[in-house]
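Notes follow once the structure below has been shown.
The values are calculated or read from the model by the stated rules, or taken from the named source; none is laboratory data. Being a predicted model, the structure only gives us computed values, none of them experimental. Ligands, DNA and RNA are excluded from the accessible area calculation, which covers all protein heavy atoms including side chains. Shrake-Rupley method; radii C 1.70, N 1.55, O 1.52, S 1.80 Å.
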Amino acid sequence: MRIAIFGGSFDPVHKEHVAAVRAAAEYLSLDKVFIVPSHVAPHKHSGAHADGAARLAMCRLAFFELPYAQTDDCEIEGGGTSYTFLTCRAFARRYPDAERYFLVGADMLEDFFTWKNPEDILSCFTLAAFSRGGESVSGLHEAFRARFQKDYIEIPFCGEHVSSTDLRVLLAFGKDASALDKSVGAYIKSRGLYQYGAIAPALALETEERREHSLRVALMAARRARGLGIAESKAILASALHDCGKYVPLSSPLLKGFTPPADVPAPVLHQYTGAYLAEHVFGIDDEEILGAIRFHTSGKKHMTVLEKLLFLADLLEEGRSFSGVEELRSLFYHDLDACFSAALAHQIAYLQKSGLPVYPLTYEAYEYAKSQN
């Protein structure tokens, strides 16, 4: 008997997960593949966005047409942090005479060196890896053999790059996610998974072009959030609502009770109206999110990590085009503080060159950021 384990958060499970299992089963002549959603993956400290029961249900729907695929709840039922070596030990005891494989994508293969007790995994399972999008598994054989004195199997399959983070953002914005199986998409919709009540009404205040901008901001912010220790939900909400005040005039009943700060340049005002609407109309009570919205255009000194993240994602999202933007984007993914300082310098220089006023908070933000580098 030949079996394999395919583990992950599956948050949500998508078509490329299914395609990878199909390819592995064919190449390795597998009799059974166990799909094992994690309870809390060790590298995802904020945990899953959909609960265990929902992710198990989605996996059962996604893999329904593969007769050899079986969704297993051992890690969900086990609770706590899900360590792969413990799962592998349990399956080795359950199937002592089987040929056993553990399936990983290119991103997981690169991280495998840092996993807890990887030697334990390899003592009872053979690693089988498949490429993913532009990430190939071909280049790690030498390093793998040097570290573990054994090799992994390379499955001749290269799936499309599909990001679960991007899928969650698209779903939060009410977008169709073509990478999801129809049954999984219907399940998500019926249960309101990955949804935030404030987003749809806030986006309704914007133009279609501005809504697409907000989506691109959210995608950029969410991709960076986990590495910065920021809850993805905060990054998505702040991004989705950051421009909700842009087209709402001060005379609107929605802004009843709002008093603008003195001497605010017109292009900056919407950060204050947006924060007011987020709190008083859309019910956001998280001061971290409100602060990010309130200063996403001007910046200020002593900004939180979330505030810097939104400021930069708003400035550098993929729809922006200006001299130096690619360098700033590269810096964004490597050193947020250095990127923040450089972005403020760029913004001040642009405003001065254009003869536009520079809001005092922007000067203060730049001087403070510069003093911290």
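Looking at region 235-364, the accessible area is 46 square angstrom per residue; that uses a 1.4 Å probe and ignores ligands, DNA and RNA. Against the main long axis of the alpha-carbon atoms of the chain, helix 360-372 sits at an angle near 50°.
Computed over the chain, relative contact order equals 12 percent, with contacts defined as Cα pairs under 8 Å that lie 6+ residues apart. Report, in listed order, any pair from LYS234/LYS353; LYS175/LYS256; LYS32/LYS182; LYS246/LYS300; LYS175/LYS370; LYS246/LYS308 with a Cα-Cα distance greater than 28 Å. Over 28 Å apart, Cα to Cα: LYS234/LYS353; LYS175/LYS256; LYS175/LYS370. How tilted is helix 305-316 with respect to the longest principal axis of the chain? Cα atoms for both, answer in degrees (0 to 90, nearest 10). Around 80 degrees separate the two axes. Here region 233-373 is treated as an ellipsoid with the same Cα gyration tensor; its semi-axes, largest first and in whole Å, are 25, 17, 14.
Computed over region 21-122, the alpha-carbon pair-distance distribution with 10 angstrom bins reads 13, 44, 39, 4, each value a whole percent. Relative to the longest principal axis of the Cα atoms of the chain, helix 208-225 runs at roughly 60 degrees. Expressed per residue, the C-alpha convex hull volume of region 149-207 stands at 158 Å³. Which of (i) 29, 57, 15, 0; (ii) 26, 48, 23, 2; (iii) 29, 60, 11, 0 is the computed P(r) over Cα pairs in 20 Å bins from 0, in percent for the structure on display? From the options (i) 29, 57, 15, 0; (ii) 26, 48, 23, 2; (iii) 29, 60, 11, 0, the structure gives (ii). Over all orientations, region 229-295 has a Cα convex hull whose mean projected area works out to 4.6 square nanometres.
Which whole-number percent is the relative contact order of region 225-373 (Cα, under 8 Å, 6+ apart)?
Working: 162 pairs, mean separation 32.2, N = 149.
That works out to 22 percent.
Check ASN117: other-chain or 5+ apart residues with amide H under 5 Å from its amide H, H built from backbone geometry? Here the answer is none, since no amide H 5 or more places off falls under 5 Å of that of ASN117. In region 52-126, Cα pairs under 8 Å separated by at least six residues give a relative contact order of 32 percent.
Proximity of backbone amide H atoms, modeled 1.01 Å from N, is registered between ILE5 and PHE34, TYR101, PHE102, LEU103 at under 5 Å, excluding neighbours fewer than 5 places apart on the same chain. Element breakdown for region 138-257 at a 1.4 angstrom probe: carbon and sulfur atoms account for 52% of the accessible area.
Over the chain, DSSP H runs of length four or greater, each weighted -39,500 (n - 2.57), average out per residue to a 222 nm ellipticity of -15000 deg cm²/dmol.
Computing the accessible area with a 1.4 Å probe over protein heavy atoms, can you report the carbon and sulfur percentage for region 276-373?
The nonpolar share, carbon plus sulfur, comes to 51 percent.
The share of C-alpha pairs in region 72-143 whose separation exceeds 19 Å stands at 40 percent.
How big is D, in µm² s⁻¹, for region 129-288 by Stokes-Einstein at 10 °C and 1.306 mPa s if Rh is the Kirkwood radius over C-alpha pairs? Value of D from the Cα-based Kirkwood radius: 85 µm²/s.
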